[in-house]
Structure formats: structure tokens, C-alpha cells
1. So, in segment 52-85, of the ones that are polar (S, T, N, Q) and under 23 Å from A96 (Cα atoms), which residue ends up surrounded by the most Cβ atoms within 10 Å (Cβ to Cβ)?
2. Does any residue in segment 86-100 that is under 16 Å from G17 (Cα atoms) come within less than 6 Å, Cβ to Cβ, of a residue that is of a type in the set (A, V, I, L, M, F, W, C) six or more places away or on a different chain, and which pairs are these?
3. Would you mind stating whether A49 is of a type in the set (G, A, S), surrounded by 16 or more Cβ atoms within 10 Å (Cβ to Cβ), under 24 Å from R12 (Cα atoms) and out of contact with any Lys or Arg (no Cβ under 6 Å at 6 or more places or on another chain)?
4. Going by the conditions given, is Q92 modelled with pLDDT under 95 and among the polar types (S, T, N, Q)?
5. Determine whether segment 56-63 contains at least one residue that is within 17 Å of R12 (Cβ to Cβ) and modelled with pLDDT under 95.
Amino acid sequence: MEREMVDETTDRPECFGHLDTVFPMGEEGFRTTPPDCMKCPLATPCIRAAMRTPNGLKQEEERVDRAYECGMIGTLERWSRKKLIRQEIEEQIKKAKSTR
């Protein structure tokens, strides 16, 4: 399946970057992308944008915690990743406040 190249000036749909719309929690507790979203030429940048929002970053933090609990990463790596995620969340919140 070929995807057309999309430039930054392309109009984005209203759902662009909305985590619960483009990457909702499935019945089994895993996030999945709806089939309609996968048909959109903006699917990849949209999901990436959704995962960079504060709610998306909190999901990433939970993923890090699960990896730690399973023994896939150690204490230092968990601390480091969570610190970076929290810093990015704080930056997103500050950015949102400054644009109001």
C-alpha cells in the first residue's frame, strides 16, 4: 500500500492528535488504531502527535513501569526514562499555558 507524501501545510482533520480518537484503548486493555484512521494519509504523524500530548506521555510512562515490573529494564533506566517523560509533560503544559 503506497502512502502519498504529506507536507506540513496540509489541512489536518479535527481529530488530528487526539489520543482517544486516533489511538483508543481496546477491549483487551491495549491501544489500537481504528481502521478508518489507518486509511488517512496523516495516520503516522497524527498518532505521533497524540503520543506527544501529556496524556500520551502518561501512557508512555505506564509502559515504562510495565517494562520495569517485568524485569525488561532496570531501576536506573526506569528512573531516567520517567524523568525525561515528566520533563516533556511539564514542557507541554507550560507551552499550552503560554499560548492561551
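The values are calculated or read from the model by the stated rules, or taken from the named source; none is laboratory data. This is a predicted model, so every value here is computed, not measured. Glycine also receives a Cβ, built like all others from the backbone with ideal geometry; neighbour counts cover every protein chain displayed.
1. If we take residues in segment 52-85 being polar (S, T, N, Q) and under 23 Å from A96 (Cα atoms), then Q59 is surrounded by the most Cβ atoms within 10 Å (Cβ to Cβ).
2. Every condition considered, the pairs that remain are I89/L57.
3. Spelling it out, A49 is indeed of a type in the set (G, A, S), surrounded by 16 or more Cβ atoms within 10 Å (Cβ to Cβ), under 24 Å from R12 (Cα atoms) and out of contact with any Lys or Arg (no Cβ under 6 Å at 6 or more places or on another chain).
4. Against the criterion (modelled with pLDDT under 95 and among the polar types (S, T, N, Q)), Q92 qualifies.
5. yes
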